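K.L.:
I have a structure I would like to understand better, so I am pasting it below and will then ask my questions one at a time.
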Amino acid sequence: MARALPLADYLALKGTDLGTSDWILVDQARIDQFAETTGDHQFIHVNPELAKKTPFGTTIAHGYLTLSLLSAMAYDVLPGLQGAKMGVNYGLNSVRFLAPVKSGKRVRGQFTMKDVSERSPGVLQAIVEVKVEIEGEDKPALAAEWVTLTYI
């Protein structure tokens, strides 16, 4: 996790670019492991021979696999809050899967603090815009508005 900020500095992040994560490889082993975990064995994800016959020409990651990588990406970028007891996912205001992530590609997240405010005494709500880019491609894999709560 990135640095831990005092409350005033954390609240001042509203509207700022938080940075870009390190690259994460989305290889066939990761895709297969996700398929095993979720029970989603659609051929486009796990059968390279059949996937060759699709417009993608290869297997692609599950959209939800790409989405699930946000936590790892955020760990590289999002600042902590000094004195925080815990942080939790509150949900997503929106998520769109814009382009498939082909097996063997790398992805990374670009994060912007859209809003941060006190939701109730001792609870901060952050809305973070995130775009997951695919190495070497113009179109991002996904765009989302991610909501988290931090308890202080």
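Rundown of residues vs (1) among the basic types (Lys, Arg); (2) not in a strand (DSSP E or B), yes/no style:
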| site | (1), (2) |
| --- | --- |
| Val88 | no, no |
| Asn93 | no, no |
| Pro100 | no, yes |
| Arg106 | yes, no |
| Lys114 | yes, no |
| Glu118 | no, no |
| Val130 | no, no |
| Pro140 | no, yes |
| Glu145 | no, no |
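K.L.:
Of these, Val132, Val88, Val123, which one is in contact with a Ser or Thr (Cβ under 9 Å, 6 or more places away or on another chain), under 17 Å from Thr20 (Cβ atoms) and of a type in the set (A, V, I, L, M, F, W, C)? I'd like the intermediate steps shown before the answer.
P.N.:
Values: Val88 fails: under 17 Å from Thr20 (Cβ atoms); Val123 fails: under 17 Å from Thr20 (Cβ atoms).
Exactly one of Val132, Val88, Val123 is in contact with a Ser or Thr (Cβ under 9 Å, 6 or more places away or on another chain), under 17 Å from Thr20 (Cβ atoms) and of a type in the set (A, V, I, L, M, F, W, C), namely Val132.
K.L.:
Pick from Leu142, Leu149, Leu92: which is at pLDDT 95 or above, surrounded by fewer than 17 Cβ atoms within 10 Å (Cβ to Cβ) and under 12 Å from the mean Cα position of the chain (by Cα)?
P.N.:
On the way: Leu142 fails: surrounded by fewer than 17 Cβ atoms within 10 Å (Cβ to Cβ); Leu149 fails: under 12 Å from the mean Cα position of the chain (by Cα).
Among Leu142, Leu149, Leu92, only Leu92 is at pLDDT 95 or above, surrounded by fewer than 17 Cβ atoms within 10 Å (Cβ to Cβ) and under 12 Å from the mean Cα position of the chain (by Cα).
K.L.:
Do any helices (runs of 4 or more DSSP H) entirely within the range 1-64 hold 2 or more residues that are crowded, with 16+ Cβ neighbours inside 10 Å, under 18 Å from the mean Cα position of the chain (by Cα) and hydrophobic (A, V, I, L, M, F, W, C), and if so, which? Before the answer, list the steps.
P.N.:
Working: elements: 7-11, 28-38, 43-46, 48-51.
Of the helices (runs of 4 or more DSSP H) lying wholly inside the range 1-64, those with at least 2 residues that are crowded, with 16+ Cβ neighbours inside 10 Å, under 18 Å from the mean Cα position of the chain (by Cα) and hydrophobic (A, V, I, L, M, F, W, C) span 28-38.
K.L.:
Filter the range 65-79 down to residues that are buried (at least 19 other Cβ atoms within 10 Å of the Cβ) and part of a loop (DSSP other than H, G, I, E, B) and give me whichever is modelled with the highest pLDDT.
P.N.:
Per the criteria, the residue is Leu69.
K.L.:
Which condition does Gly83 not pass, out of (1) in a loop (DSSP other than H, G, I, E, B); (2) without any contact (Cβ under 8 Å) to a residue 60 or more places away in the chain, if it passes all the others?
P.N.:
Unmet condition: (2).
K.L.:
In addition: Gln82 fails exactly one of the following numbered conditions: (1) at pLDDT 95 or above; (2) exposed (fewer than 14 other Cβ atoms within 10 Å of the Cβ); (3) farther than 17 Å from Val107 by Cα. What is the number of that condition?
P.N.:
The number of the failed condition is (1).
K.L.:
Here is a list: Gly136, Gly109, Gly104. Which entry is within 25 Å of Arg30 (Cβ to Cβ) and free of Cβ contacts under 8 Å to residues at least 40 places away in the same chain?
P.N.:
Values: Gly109 fails: free of Cβ contacts under 8 Å to residues at least 40 places away in the same chain; Gly104 fails: free of Cβ contacts under 8 Å to residues at least 40 places away in the same chain.
Testing whether each residue is within 25 Å of Arg30 (Cβ to Cβ) and free of Cβ contacts under 8 Å to residues at least 40 places away in the same chain leaves just Gly136.
The values are calculated or read from the model by the stated rules, or taken from the named source; none is laboratory data. Just so you know, these numbers come straight off a predicted model, no measurement behind them. When we count neighbours, we look across all protein chains shown, and the Cβ atoms used for this are built from the backbone with ideal geometry, even at glycine.
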